[in-house]
Ligand code: TK8
């Protein structure tokens, strides 16, 4: 009797133990940005909210800083299920489907507000749904931001000033083309190689939103910043389809709620941080070049053939959605 009680007790312990382990679902998230970047903070918020909503049964593990790969590898790792979720710059998906070039075309949005309107509208929705064709689930948008050029050669005020400047771009055909049109020497590479490439002089410059220029400390190895506002980038939140299918409807609604809160929180941060980032970069000693409307138009003018080229490449239904803005 004594023996069987003990066995019963052990069996119960094991059952409860394994149930406990089974009940927990872990979401492994990888991304390429630094831990002080607002997109990382958005993931932390996502994790907190999801933990609360699920009573601690859904746990989010975040691997920042490109620890588990740069944007391209992160997408592949989510497709193959090595990690569960990621938030690369959406333009990188153009390597699979050209339609993802559309939001990152130069000067395609008037300003940040209109970019956000489009992403939260029909075009954004259609782009998220389209991810299913790439073996991915598109769940939402986490902002990246308006891109500005930094470099070590000279102050860039006209497209001509970019002649011969070796500038890192994302691994995005439209951006490589754009900088070729401007006479620069575009060098695509993963985000996490940029700092040391700048430091070692492998490249002269790069282009990114102010948040990255500050949080990834590019200002330590750059002398000039031009407020070119040439491209708007957004991070797309992606999940592995099989992994996502394992969640119940209730859990999926928690994921949606957590993501919404994370994005709202991030929006708040972005608005608050932009001015402070610029001030900090200026204080670090960079020469800041602010373009007049006409000067910015000169950059825009040069990029027009690129827009035409992509209007040919991408089905017009996508541009109709874009023009609904
Ligand atoms: C972070 C990148 C980064 C992007 C880039 O992984 O590569 O320049 O702006 O935000 O997605």
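Annotations
- Sorted by Cβ density within 10 Å, fewest first, the residues 204, 323: 323, 204
- Between 0 and 90°, nearest 10: helix 2-23 axis offset from the chain longest Cα axis: 20 degrees
- Exposure proxy order (Cβ contacts within 10 Å, fewest to most) of 290, 117: 290, 117
- Neighbour-count order for 87, 253, fewest beta carbons within 10 angstrom listed first: 253, 87
- Note on residue 264 and residue 320: the extension gain reaches 17.4 nm, defined as 0.36 nm multiplied by sequence separation minus the Cα-Cα distance.
- Looking at the chain, the DSSP beta bridges with both ends there are about 50 percent antiparallel.
- Rounded to 10°, Cα long-axis angle of helix 293-313 versus longest principal axis of the chain: 60 degrees
- The range 175-325: C-alpha gyration tensor shape, a/c 1.5 cut-off, then a/b vs b/c: oblate
- With contributions of -39500 (n - 2.57) from each DSSP H run of at least four residues, the per-residue ellipticity at 222 nm computed over the chain stands at -15000 deg cm²/dmol.
- Cα long-axis angle, helix 249-283 against the chain (0 to 90 degrees, to the nearest 10): 40 degrees
- Within the listed set 228, 54, 77, the residue fluctuating most in the Gaussian network model of the chain (springs between alpha-carbon atoms under 10 angstrom) is 54.
- For the chain, built as a Gaussian network whose Cα springs stay under 10 Å, the top-fluctuating residue of 126, 197, 113: 113
- Anisotropy class assigned to the range 258-313 is oblate, per the alpha carbon gyration tensor with a/c at or over the 1.5 cut-off and a/b no larger than b/c.
We did not get these values from a lab; they are worked out from the coordinates using the rules stated. No experiment lies behind these values; they were computed from the predicted model shown. Note: ideal-geometry Cβ built from the backbone for every residue, glycine included; neighbour counts use all protein chains shown.
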